Amino acid sequence: MRVSGKGQNQNAAPVSFTFDGQSYVGRQGDTLAAALLANDVRLVGRSFKYHRPRGILTAGSEEPNALVTMGDGASQDPNIRATTLELYDGLAARSQNAWPSLKFDVMAINDMMSPFLSAGFYYKTFMWPKSFWEAVYEPIIRRAAGLGALSGKANEDIYEKAFAHCDVLVIGAGPAGIMAALTAAKAGADVILADEDSVMGGRLNAETYNVGGHVGADWAAAQIEQLKALKNVRLMPRTTVTGAYDDGTFGALERVAGSGDAPLECFWRIVAKRSILCAGALERPIAFPNNDRPGIMMASAVRAYLNRWGVAPGATVTVFANNDDAHQTAVDLIDAGVNVAAVVDSREAAKPRGEYRLINGGLVTGTKGRHGLNQITVTHAGGIEEIETDCLAMSGGWNPTVHLTCHMNGRPTWNDDLQSFVPTDGTIPGMSVAGAAAGHMSNAACLKSGAQTACVVATDLGFSPNADVPSAEDTPYQIEPLWQVDGKGRKWLDFQNDVHVKDIKLAAQENFRSVEHMKRYTTQGMATDQGKSSNVSALAVLADATGRGIPETGTTTFRPPYVPVSIGAMGAGSQGNGFAPQRLTTSHHASVDRGAPMIEAGLWYRPSYFPKQGETTWLQSCNREVDYVRNTVGICDVSTLGKIDIQGPDAAAFLDFVYCNTFSSLKENRVRYGLMLREDGHVMDDGTTARLGPNHFVMTTTTAAAGQVMTHLEWVSQALRPDLNVRFASVTEQWAQFAVAGPKSRELLNSMLDDPIDEESWPFMACGEISISGVSGRLFRISFSGEHAYEVALPARFGASLFRQLVAQAEALGGGAYGMEALNVLRIEKGFITHAEIHGRVTAFDIGFDRMVSQKKDCIGNAASRRPGLLDIQREQMIGLKPVDPNESLTAGAHLFVEGADAVAANDQGYVTSVCHSPTLGHALGLGFLKDGPNRMGEHVMLVDHVRDVRTLCEVCHPVFFDPDGGRARG
Amino acid sequence: MRLTCPICGERDRREFYYKGDAIELDRPNQDAGLAAWDDYLHNRDNSAGEIRDLWHHAAGCGAWLIVTRNTLTHAVSRCELVEKDTR
Amino acid sequence: MITEVDAGPITLVAPLDGGRKATSEALKAAIGIGFPNPNRTQGTGPRAIWCGMEQALIVGAACPDLPQAVCVDHTDAWAIVRIEGDQVEDVLARLVPIDLRSAVFKRGHTARTFIGHMNGGVTRVGANAFEVMVMRSMAGTLVHDLESAANGVAARSV
C-alpha cells in the first residue's frame, strides 16, 4: 500500500498497467515491483523446481524471485526482473513458471514430492536406463522446470552496440560513485559514470540519511545535475557494467529509454584508462525455516520501497536481523506511520534505535501463509511466541559487490569484522574499489572513500584533484554471524534454483566438499541471478558442514556477465542486412534486372544464371549459357576475383618466392598461371598473374581467398623477405572485369575496341593496355572455360555500361550473359580446379601439378611439399568421373569405393568434389580424389552418397573431359 | 584485450588477426632437413608465462607484429613490428 | 547528415625502400602537400590521406610522376561519405571501435579501422564532421550501417 507523504515520486502522474491481465494503477517512476506492492500484489511468481509461491525479495537487479515475461509473439521477452523494470503506461507483464495460473499451479505437486527431489535428484534418478532419458524423463523435466519461455520466433526488436572511451570509468552512482566521479571530473579527467538504476544516487535514494545537511536523495540529485553540466562527464544511467576484461575494457548493458526506433538495449564496450568500482553491497537473507513466503523481504528493500516509492510492503512489519543496520528499517517505518510488530535480533546485546519492541537473542523459527506471510514463530529466551505479521524484513548482513573484481580470476578476501568477502587489491589492473564495495559501510565512509580513491586515480593520470567531502552519518556497522536457524521446514538459500540448507549438507555428506563441486551438485548460484543474495550464505553452510572456516572453503568463480545480457544485445546490428557487408559488382543491378538469382560468394553477390522466357528450370538456363560459350560468345562478371598490383625492383623475385612456379622468366605483356602453396606444402590458392612492365605485375586470386592471399603477401614481405624491395596494393575494387569467352569473343571485342586485335598481336596468354571509346583498360587473353577467351577490365565507374554493351554485342552474335552455374560447368568440363578441389588438404602432387613446384629455387611450401608422405602414390589424387550409365547422376560430397566393397569408412577410396551435367558431352561429370587415381584410369568405382541415398557406378577418367589438348583456347 | 600497434597506437583486439608463435619468423633453409621443417611447422611450446606471438593488424595499417604477453596474467609487455622500418 | 564525397582522382602511393623523403618532396613540389605521417592527413584541397603501412592516398589531384614510389590508380576503389552533425561522434561510436573523442582524434587525424564489419578509413575533417571510406563495392552497406546507427541515436534524443 502507499504511505502518504512518502516517496520521491509521491506527486508523479498515475500510470496504468496490467499484471496477468488484471489492471492496476502505479506512479511514474515506480518499478513494476514497487507498483505491485503498492497494489498489495505479493505473489508474483513460482519457483523453478518446486513451484513454490514467491514474492518480491529485493529492490534491485539481484532479484531472484520476481521475474516476469513482457511482450507477445516474436517480441516475447522472458525473465525480466520486476524490481528493475520501469513502469510505463500500458505496460503488460505476465507471471511465469506457473500453469495454469499463478494462484493454482498444478506443478506445485513438485513441492509435495520434495523429499524425492533433493539436490542431485536429477543425477541420481535419471541416470538409468539410458533410453528413458530422451524418451521420458527429459520431456517431463523440460515441461516441469524452466523459467520463462522464449517465443521461438525471430526477434525483430532493435538492439544496438557501441564503443565508449574515457580516462576514468566509475561503476555505480551511490555516495562513493558520485564523489569519485565529481572528484575525477573536476580535476579534468574524462569520466563515465555508469549506474544500473534509472535514477542515480544508489542507496541515497532508499535511505533517510542526510548528506551535507540535505536529504541524501536531494544531495545526490544536485550532484548529478552538477556532473551533467560538465563537458568531460558522460552519465550512463540504466547501464549495468557486466564484465571487466583485459586492458581496461568493460562490457556494459544499457536499457535504452526511448521511443519509436529506439533500441531496447545497447551493449557497450567501454575502454577506460582507470576504473573505480563503487558497486555498493548486497544484503543477504537468513536461512530460517520457510523463509521464502511472499511478504518476506530484505530489510533494505523494505526501506527502499518505503523511502523511494512511498510503498509499505505490509501493514504490520517485523524485522529479523543480526546487525544494527536493519534496525533503520523499523525506524523509517515507524516514522512513516507503519506498524512495526517487533525487531527480532539474534544478538543478545543489540540495542534499540527507536521506540519499538526489540527481542534480543531472538530467532524466527517458522512462518505461515500459503500465498503470503501472515504469521511468524519467534523463539527467544522467554520461549516460543507467534507474531501476526504480513511482512518480515530480514537482514543477515551485507556482502560487498565484489563480482567485477573477480572477472579476471581474482579471489576476494574474507573479512571477519564484516562477516563477508571484500575485494582483493590489484585483481583487475587499473581498477580501484571504493565505498561499500570495498567494505566501507557507513554513508560518511563511502563518501570519503569515493573522493579519496578518485584523488589517487586522478593524480596517477597526471591531474591535480581536490576532494571536498560533505558531512554524513557515520554509525559503525555491527554484525554477528547468523547464517541459518534450526527448525522444522526447509531453510532456503538460493530462491531462484530452490536450493536449501539440507541440499548443501547433502552435498558435503556425499563428498562434494569443494565449493565448485557443491555448486554443480546442488545448482546453488547457477540461476539467472547467479546467487547474488545466496552464495555467501551457502558457503557458510558448506563451511559449517565440512568443519572448515569460510576463508578455507573459498568462493565459487564469479564470471561475467554480472546481470543477464540478451543475445540480441550481444549480436546487435547483425540482424538482416547488418549480418555481413554486401559486396556488389558494377553489373549487379543489370543482373538483377535480368532476373538472375544472386548467390553469395564470400561477401560478394554473383548471378547464378540469367533465365529467359520459357525456361522453367535453372538447368535449362545453365545449359543454354554453356552453349553460348562453347559455340558463340558469353559474358561473365569476374570482378570479384582478387586483383593485387605488385610493383618494385624485386617484384619478380617476390613472386618467385610466393608462387611455387617461376615468374621472373615471364615476358612482359604475358600472363602465367600460378600455384601458391602454404608453408606446409599444401595448396593455398591459384590464379593468373600478368606482367605489365619490367617491375609491374597484376596477380589475380580466387574470389574466396583474396583476403587470405593479401594477408599472406604482407606476412611474407614483412616477416620473411624484408630484403625484397616490393610494394603491393589491392586493386580489386578499382577494376570492373568481364570474361568474354567463346569462338566469337575476338569478333565481339573488335566491335568495341578502339584498336582491333588479332591472333598475332594478342595470342593466348597475352595481356596489355587497350582502350574502349577512349577509356583505357586492360585486356588479358586467358580462359577458365577452355574456349578462345579474354578478360577485359575498365575502371569500375565504367563497369555498368561496359557490361551492358558487352552483353548487347554478345546477344547480337547469338550469345549472351552467363552466370556461376554455367561457369562451373565450363570449368568442370575442362578439369579446372576451384576451392572445391583445393580445399586445404591437397598438395600440388594431389592435383597433378607437382612438376610445377620448381626445384631450382626456394619458395613458400617448397621444402615441406617434398615430405615423403605428401608424395605417396597411395594419396588421394585428382581424377575425373563419369557414370557408366550416362543417364545416372553424380553428387558432390559422395565417397568412392571399390565395386562390390561395403560402403564403410574402412573401405573409403576417395571422394567427389565437383559435379555437373555437361550439355556438351550429354551426361554427368565429376571431379574427385581417388587413392592412386592417375594409375586407375578406366577402372570402375562405386560412388556412394549415404546422405542423399545415391549409388552410381562410375568410370575413372582423366579430369580434362573436353578438348584435352587445349586447341580451342589457343585459337 | 588491447594491443598497442607501433604504428596506429592502442587498438581493440578485434582489429588484429592472430597467427601463432613467433617461431614462424625463424624459417629454416630449404634444405635444412625434415626434422627442422617439422619443428618449424608443427612443434610449439605451450608454456604458462611469457610468450611471443605473431599478430597482424588486419583492420588497421597491415603491420605484422610480435606481441610479448603473459598467458597467466594476460599482461602485454611488448608489441613490435616484425620488420624494422628501413625506409 | 550523410553525403557522398566525390573525391576526384585518387592514387595510392607507396614509397619504395628509402624513397619516402624523395617522394614527399616530389609531391610537395607538384601539388603542395607532402607524404603524410601515419594516422595523419595533409592538405585540405588536394589531400594526402595515410592509409596503411607506408601508404597514402593522394586525393583530389593528379598524382605526379614519383620515381621513388609505387603509384596505383584507386580513383574507383573507394566509397567515401561525409557525415556531419552535433551527434556525429555518437553515431560513429556505434560502428567504429577506436577513440574518436575530439581531444584525442583531432581534425586532420585519420585511422584505418573497422566501420561496422568493414575495414575502412575514418578521418576527422571538422569539429563535427568526419569522412568515412570503405571499399567501393560496400557502399550500400556503409549507408545502411550509418543510417541504422544514426536512427538509434536520433530515437534516444526524442
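Derivation of every value follows stated rules applied to the coordinates shown; laboratory data play no part. Being a predicted model, the structure only gives us computed values, none of them experimental. All Cβ positions, even for glycine, are placed from backbone atoms using ideal geometry, and neighbour counts span all protein chains on display.
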Using 5 Å bins from zero, what percent of all Cα-Cα pairs in the stretch C:7-73 falls into each bin? 4, 22, 34, 30, 9, 1
Report, as an integer, the average count of C-beta atoms from other chains found within 10 Å of each Cβ along B:3-11. 5
Would you mind checking the pairs A:LYS231/A:LYS273; A:LYS491/A:LYS532; A:LYS643/C:LYS28 and listing those with alpha carbons more than 20 angstrom apart? A:LYS643/C:LYS28
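So, by mean Cβ neighbours within 10 angstrom, what's the order for A:585-593, A:164-172, A:448-456, A:936-944 with the highest one leading?
A:164-172, A:448-456, A:585-593, A:936-944
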Multiply the residue gap between A:ASN11 and A:SER771 by 0.36 nm, knock off their C-alpha separation, and tell me the result in nm, one decimal place. 265.7 nm
Cα centroid distance between the stretch A:183-232 and the stretch A:455-501, in Å? 20
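Ignore the peptide's own chain and count Cβ atoms of other chains within 10 Å of each Cβ in C:97-108; give me the average, rounded.
That works out to 4 on average.
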The stretch C:78-156: C-alpha pair distances exceeding 22 Å, %: 14
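Report, to one decimal in Å, the Kirkwood hydrodynamic radius for the stretch A:873-971 based on all distinct Cα pairs.
That comes to 13.6 Å for the stretch A:873-971.
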Using alpha-carbon positions, what is the distance between the centroids of the stretch C:42-99 and the stretch B:31-87, in Å? 31
If unit charges are put on Cβ atoms (+1 for Lys and Arg, -1 for Asp and Glu) and the dipole of the stretch A:721-854 is taken about its Cα centre, the option from A:GLY816, A:SER773, A:ALA736 lying farthest towards the positive end turns out to be A:ALA736
Surrounding net charge for A:ALA13, when Lys and Arg each add one and Asp and Glu each subtract one, Cβ distance under 13 Å: -1
Starting from the Cα of A:HIS371, move 7 Å in the Cα-to-Cβ direction to define the label point; list residues of the stretch A:32-53 whose amide nitrogen is under 16 Å from there. A:37, A:39-47, A:52-53
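Can you show me the helix-derived [θ] at 222 nm for chain A, built from DSSP H runs with n ≥ 4 at -39,500 (n - 2.57) apiece and divided by the number of residues, rounded to the nearest 500. It would help to have the intermediate numbers written out before the result.
Working: 22 runs with 196 residues, N = 971.
-5500 deg cm²/dmol, from helical runs alone.
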Given unit charges at Cβ for Lys, Arg (+) and Asp, Glu (-), the dipole magnitude of the protein assembly as shown about its Cα centre in debye, nearest 20, is 1000
Projected onto the charge dipole of chain A (unit charges on the beta-carbon of Lys, Arg, Asp and Glu, signs +1, +1, -1, -1), the Cα from A:GLY410, A:VAL629, A:LEU677 with the largest positive-side position is that of A:GLY410
Tell me, in nm to one decimal, what length is gained between A:PHE579 and A:THR18 on full extension, where the rule is 0.36 nm per residue of separation less the Cα-Cα distance? 198.3 nm
How many Å³ per residue does the convex hull of the Cα positions in chain A occupy? 226
For the pair A:ARG867 and A:ASP486, the simple spin-label estimate (label points 7 Å beyond Cα toward Cβ) gives in nm 6.9
Sticking with the crude label model, points 7 Å out along Cα→Cβ, report the distance from A:GLU348 to A:SER471 in nm, one decimal please. 3.8
Could you give the nm distance between label points at A:GLU385 and B:LEU34, where each point is 7 Å from its Cα heading toward the beta carbon? 9.0
Order of C:108-114, A:905-911, A:542-548 by packing, highest average Cβ count within 10 Å first? C:108-114, A:542-548, A:905-911
Based on the Cβ-Cβ distance of A:HIS958 and A:PHE764, what FRET efficiency does E = 1/(1 + (r/R0)^6) give at R0 = 30 Å, to the nearest 0.05? 0.90
Find the eigenvalues of the gyration tensor of the Cα atoms of chain B, then list the square roots of 5 times those eigenvalues as equivalent ellipsoid semi-axes, largest first, in whole angstrom. 25, 17, 10
Efficiency of FRET between A:ASP908 and B:LYS19 - r from beta-carbon atoms, R0 25 angstrom, step 0.05: 0.15
Show me the trypsin sites (Lys or Arg not before Pro) within the stretch A:217-296 that DSSP assigns to loop and that have at most 13 other Cβ atoms within 10 Å of their Cβ. A:LYS231
Which value, in debye to the nearest 20, gives the size of the charge dipole of the stretch A:244-324 about its Cα centre, when Lys and Arg are +1 and Asp and Glu are -1 at the Cβ? 200
What is the stretch C:78-156's relative contact order, in percent, from Cα pairs under 8 angstrom and six or more apart in sequence? 36
One can check that the equivalent ellipsoid of chain C, built from the alpha-carbon gyration tensor with semi-axes equal to the square roots of five times its eigenvalues, has lengths in Å, largest first, of 30, 15, 13
For A:SER751 and C:ARG40, FRET efficiency with R0 = 41 Å and r from the beta-carbon atoms, rounded to 0.05? 0.25
Cα centroid separation, the stretch A:1-53 to the stretch A:509-587 (Å): 29
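Using +1 on the beta carbon of Lys and Arg, -1 on that of Asp and Glu, and nothing else charged, what's the dipole of the stretch A:296-396 about the Cα centre, debye to 20?
The dipole of the stretch A:296-396 has a size of about 180 debye.
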Of the candidates A:ILE828, A:SER591, A:ALA458, the farthest towards the positive dipole end of the protein assembly as shown (Lys/Arg Cβ +1, Asp/Glu Cβ -1, centred on the Cα centre) is A:ALA458
Charge sum, other residues only, whose C-beta stays under 15 Å from A:ALA690's C-beta, Lys/Arg counted +1 and Asp/Glu -1: +2
Looking only at Cα atoms, what is the convex hull volume of the stretch A:296-396 per residue, in Å³? 82
With a cut-off of 18 Å, note down the residues of the stretch A:808-852 whose backbone N falls inside the zone around a label point 7 Å from the Cα of A:HIS589 toward its beta carbon. A:808
Relative contact order of the stretch A:643-730, defined on C-alpha pairs under 8 angstrom at six or more residues apart (%): 38
For a label point 7 Å from the Cα of A:ARG951 along Cα→C-beta, name the residues of the stretch A:883-921 whose backbone N is under 14 Å from it. A:895-904
For A:575-588, mean number of other protein chain Cβ atoms within 10 Å: 4
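Using alpha-carbon pairs under 8 Å, 6+ residues apart, how would you state the relative contact order of chain C in percent?
23
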